[in-house]
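K.L.:
First, the structure itself, so that you have it in front of you.
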Amino acid sequence: MTALENLSIRKLAAMVRAREISAVDVTTHFLGRIVAYDDALCGFNVPAPEAALDAAHDLDTYLNAGGEAGALAGIPLSIKDTADVAGLPSAGASASRSGRTATADATVVARMKAAGGIVLGKANCHELAFGGPSFDLPFPPARNPWNLDRFPGGSSSGSGVTVAAGLCLGSLATDTAGSIRLPATMCGVFGLKPGHDTLPLDGIAVLAATMDHVGPVARTADDTRILFDVMAGRSPGSPFVESLKGLRIGVPENEWDVGRLIHPDVRAAIDGAIEVARSEGADIVPLRLPSLEDFHAPGTVLMMCEVAAEHAASVRAAWDKFGAIFRARALVGEGIAVHDFRLAERLRPVLRKRLLDAMSNVDCLLVPGALAPPGPLASVDPFYFMKDPIPNIVANYTGFPALAFPAGFGGDGMPVGVQIMGVPRSEHRLLDIAESFERADPSRFAARTPPGLEGRPEPCLFKLELPARAM
Amino acid sequence: MSDAGKIEAQLRAIAKVRLPHGASEEEIADFVRGLAILDDVTLRARRVAERLAQDEMQP
């Protein structure tokens, strides 16, 4: 029998709905994996076993009484600690919000619960989705399941880690400059940043008001599609069954003028994706775009101003309640002049139109998920995202949807990934394309289970008292 | 950078973002570095605006 953590959401939810397995058994299995593996991974900072088992029991009772459950029936989920789940702590991994308990679900969380999803706990993250990886927070940083000493990406680090390690089948994450796609890339799973204003943000901590997005992290393109549809308040459609044949996939000319920054393993991943797409009958179309720098510089100015506007006063008022990285990142934006902020605002529609025009006759734009594989966790530069252009921020600045997915492994055994960006309202197109890659060459484009995390851990229900983790 | 230059840069950083007294010397140095990087990003954003057609930008 296939281990539950390797089943698709569609399959496992169907089994729960058909009463082939109870939601309590599913939940117990995944809680057992958390007990067995998460001490080392720190993917959850607030496990919620009692609430999860209660919800699973309620679902079983409802199904046994003839009730009909939705697309996430019994599916184990992690929720980034910046999103509210009623009754659970909601501190965004920050001592500044310690003791805060959510009284209501964020709308997207409520939709996931209404579809039958079981929240196993709050996923670890960088402080308030911005300050990390940090070693001076109430919780230790999440670690990459492919190598515990490597960066798992951020800020939705726990979302990437809990999904990649098979501690749940899906996660709710947020993305202001790549925070869904970076951990998805670095942990070897799928992460969708939907278009701007596609999913509601209420009940989720604000980082940068016009750059913030919420979206799913999952192990397959179809799982990601189901989570996205549920979060959008829709019933998921049927699985996609087409191929890459006839698609037009754009790639930036001259490597978007950042060839010097692209690691050879990442370049090999992009080349591999192009090769597979061509062999399946897709056309690769070089696109002349504004340089990556053109998007990155004003996007960063805008984001840093918005972050400072949202958080600088709180940081100044409670200095010791924040980690050093968050303090630094939250305050530097105050050094930006108002006219530079306005310039970044005025450039936004111009660059959005230029990107839209350039992409008018392709199905998507193929770019790296990250420019380099994950480096050491303990030596991440607090300002790395400002120093050099990063592809992720383009989709936040323009508001276009983007989807990161696995594209093999680098020479050191760490995952590398690619992302595809599309025009507004092309989320399902992007998911279909990613699924086509996944089916065309699963050895390269499907998520895998990291070594040491396969198999069924010893039953350990007696150990299920999981307190909120503290340093 | 000379000692005087370092002190001047740190003072400018403190003035620019009004760092509180609790900030350590190491943290102030990190702010100086962050501000310098952000200054550079801001200059690059201005150059982007100069290169793009001004008539495309709304006032």
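The values are calculated or read from the model by the stated rules, or taken from the named source; none is laboratory data. What you see is a predicted model; the values in this text were computed from it and never measured. Virtual Cβ from ideal backbone geometry, glycine too; neighbours counted across all protein chains shown. Just the protein is used for accessible areas: all its heavy atoms, side chains included, with ligands, DNA and RNA removed. Shrake-Rupley method; radii C 1.70, N 1.55, O 1.52, S 1.80 Å.
K.L.:
Please enumerate the residues belonging to the range A:338-363 that are facing another protein chain (nearest Cβ under 8 Å), closer than 30 Å to A:Arg316 by Cα and among the hydrophobic types (A, V, I, L, M, F, W, C).
P.N.:
Passing the criteria: A:Leu343, A:Ala344.
K.L.:
Ok, one more. Please go through (1) closer than 24 Å to A:Ala184 by Cα; (2) surrounded by 22 or more Cβ atoms within 10 Å (Cβ to Cβ) for A:Pro376 and return the number of the only condition it doesn't satisfy.
P.N.:
Every listed condition holds for A:Pro376 apart from (2).
K.L.:
Pick out the one residue from A:Asp202, A:Asp229, A:Asp222 that is part of a loop (DSSP other than H, G, I, E, B) and charged (D, E, K, R). It would help to see each step written out before you state the result.
P.N.:
Working: A:Asp229 fails: part of a loop (DSSP other than H, G, I, E, B); A:Asp222 fails: part of a loop (DSSP other than H, G, I, E, B).
The match here is A:Asp202.
K.L.:
Next up: What are the residues in the range A:131-155 that are assigned to a loop (DSSP other than H, G, I, E, B), crowded, with 23+ Cβ neighbours inside 10 Å and in contact with a strand residue (DSSP E or B) (Cβ under 7 Å, 6 or more places away or on another chain), if any?
P.N.:
A:Leu137, A:Phe139, A:Trp146, A:Phe151, A:Pro152
K.L.:
Which condition does A:Leu63 not pass, out of (1) under 26 Å from A:Leu377 (Cα atoms); (2) part of a helix (DSSP H, G or I); (3) touching a residue at least 40 places away in the same chain (Cβ under 8 Å), if it passes all the others?
P.N.:
Single failed check for A:Leu63: (1).
K.L.:
Additional query: Against the conditions (1) under 25 Å from A:Leu365 (Cβ atoms); (2) of a type in the set (A, V, I, L, M); (3) assigned to a helix (DSSP H, G or I); (4) touching a Pro at 6+ places or on another chain (Cβ under 7 Å), where does A:Leu289 fall short? Just the number, please.
P.N.:
(3)
K.L.:
With in contact with a helix residue (DSSP H, G or I) (Cβ under 9 Å, 6 or more places away or on another chain) and part of a loop (DSSP other than H, G, I, E, B) as the only criterion, which of A:Gly158, A:Gly121, A:Gly116, A:Gly99 stands out? I'd like the intermediate steps shown before the answer.
P.N.:
Numbers: A:Gly158 fails: part of a loop (DSSP other than H, G, I, E, B); A:Gly121 fails: part of a loop (DSSP other than H, G, I, E, B); A:Gly99 fails: in contact with a helix residue (DSSP H, G or I) (Cβ under 9 Å, 6 or more places away or on another chain).
After applying the criteria, what remains is A:Gly116.
K.L.:
Among the residues of the range B:32-46, write down those that are modelled with pLDDT of 95 or more and more than 8 Å from chain A (Cβ to nearest Cβ).
P.N.:
Scanning the range B:32-46 gives B:Asp40, B:Leu43.
K.L.:
Return only the number of the condition from (1) closer than 28 Å to A:Pro236 by Cβ; (2) assigned to a helix (DSSP H, G or I); (3) acidic (Asp, Glu); (4) in contact with a helix residue (DSSP H, G or I) (Cβ under 9 Å, 6 or more places away or on another chain) that A:Asp105 does not satisfy.
P.N.:
(2)
K.L.:
Could I ask something else about it? Give me the residue from the range A:233-253 that is modelled with pLDDT of 95 or more and open to solvent by 60 Å² or more (accessible area, probe 1.4 Å) and, out of that set, farthest from A:Pro368 (Cα to Cα).
P.N.:
Top of the filtered list is A:Arg234.
K.L.:
OK, next. So, in the range A:288-329, exactly how many residues are open to solvent by 30 Å² or more (accessible area, probe 1.4 Å), among the acidic types (Asp, Glu) and within 9 Å of chain B (Cβ to nearest Cβ)?
P.N.:
2
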